[in-house]
1. When only C-alpha pairs under 8 Å and at least 6 residues apart count, what is the relative contact order of the chain, in percent?
2. Per residue and in cubic angstrom, what volume does the convex hull of the Cα atoms of the range 73-132 have?
3. With each pseudo-label sitting 7 Å past Cα toward Cβ, what's the His114-His220 distance in nm, one decimal?
4. Considering amide H positions built from the backbone, and no H for Pro or chain starts, which residues 5 or more places from Cys93, or on another chain, come under 5 Å of its amide H?
5. Would you mind listing how long the range 139-184 runs along its three principal axes, going by Cα atoms, in whole Å with the largest first?
6. Would you give the gap between the C-alpha center of the range 58-130 and the C-alpha center of the range 1-42, rounded to a whole Å?
7. Using a 1.4 Å probe, what is the accessible area per residue for the chain, in Å²?
8. With θ set to phi - 60°, apply the Karplus curve 6.51 cos²θ - 1.76 cosθ + 1.60 along the range 194-204 and write out the HN-Hα couplings as whole Hz, x wherever there is a Gly or Pro.
Amino acid sequence: MPGKLRLGVNIDHVATVRNARGGTHPDPIRAALVAKAAGADGITAHLREDRRHIRDGDIGRIMREVDLPLNFEMAATDEMIALVLENKPHAACLVPEKREEVTTEGGLDAAGLHNQLKTPIAEMSDAGARVSLFIEADERQLEAAKSLGAPVVELHTGTYCEAHEAGDADEVAKQLDRLRKGAEICESLGIECHMGHGLSFETVKPIAAIPQVMELNIGHFLIGEAIFLGLDGGIREMRRLMDEARA
Ligand code: PXP
């Protein structure tokens with residue numbers, strides 16, 4: 001019987017809307033509190049180098065005002081590592097970050113960046129953060145995560161979701177197979193498996209049904225769907241679909 005699947009709600013795009021007018025509304029911390037009431041198990045926020053959505057002050061406020069574990073998404077830069085050591089979030093998820101990209105387009109090259117990542121991962125782990133690496137479901141990357149001592153990986157579901165959007169059933173099946181194999185490798189390596197990126201009501205169930213997956217991190221779709229269903233309604237529906245797939 002697989003364990004309970006946790007839902008981490010990414011609140012970045014509440015901050016995107018706030019920043020469009022430069023003021024304080026809508027407040028991402030208020031969204032985090034609504035997410036908690038709707039059944040979220042954690043809050044995810046990505047502090048980007050260019051501060052395009054989440055700002056430094058949001059991180060401190062989430063830590064003080066929201067009684068849920070924070071998954072702090074970040075590039076492995078000295079500035080972000082210092083912020084983890086200062087704020088002590090529950091988890092630190094290392095993602096690749098390019099200034100010009102619209103969103104996190106692919107997984108971190110944990111294998112290629114092994115030497116650069118070793119010290120930051122050790123420092124953040126020593127400070128009490130559960131370090132996770134946002135990587136592709138690829139054996140080489142998973143083995144690198146293991147040798148780097150990361151207790152958690154988050155497997156990138158973006159290519160699967162894009163194949164679904166394109167209506168390419170063969171590619172959807174291929175990508176699901178790749179993600180399932182990735183989850184099995186996690187289990188064999190003793191690494192906790194999370195997944196996320198691009199998930200929606202239509203794509204979540206096959207992912208939630210993978211028994212080794214312990215957590216999904218979902219943002220853009222839920223914040224967009226809040227326009228139609230409300231944030232509370234969208235999160236509750238996502239939770240229902242996840243639970244249905246898991247049962
Ligand atoms: N997980 C990680 C590591 C991410 O970088 C993102 C996007 O910020 C997400 C999950 C959430 O993706 P989405 O907003 O497409 O649901």
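The values are calculated or read from the model by the stated rules, or taken from the named source; none is laboratory data. This structure is a prediction, so every number in the text was calculated from the model and none was measured. Heads up, the Cβs are rebuilt from the backbone with ideal geometry, glycines too, and the neighbour counts pull from every protein chain shown. When the accessible area is computed, the model is the full protein with side chains, heavy atoms only, and any ligands, DNA or RNA have been set aside. Shrake-Rupley method; radii C 1.70, N 1.55, O 1.52, S 1.80 Å.
1. Here the relative contact order equals 20 percent.
2. Here the figure is 82 Å³ per residue.
3. 3.2 nm
4. Amide H to amide H, under 5 Å and 5 or more residues apart or across chains, Cys93 pairs with Phe72, Glu73, Met74, Ser132.
5. That works out to 38, 14, 13 Å along the principal axes.
6. The range 58-130 and the range 1-42 have Cα centres spaced 18 Å from each other.
7. 45 Å²
8. Using θ = phi - 60°, the values come out as 10, 9, x, 3, x, 6, 9, 4, 7, 10, 6 Hz.
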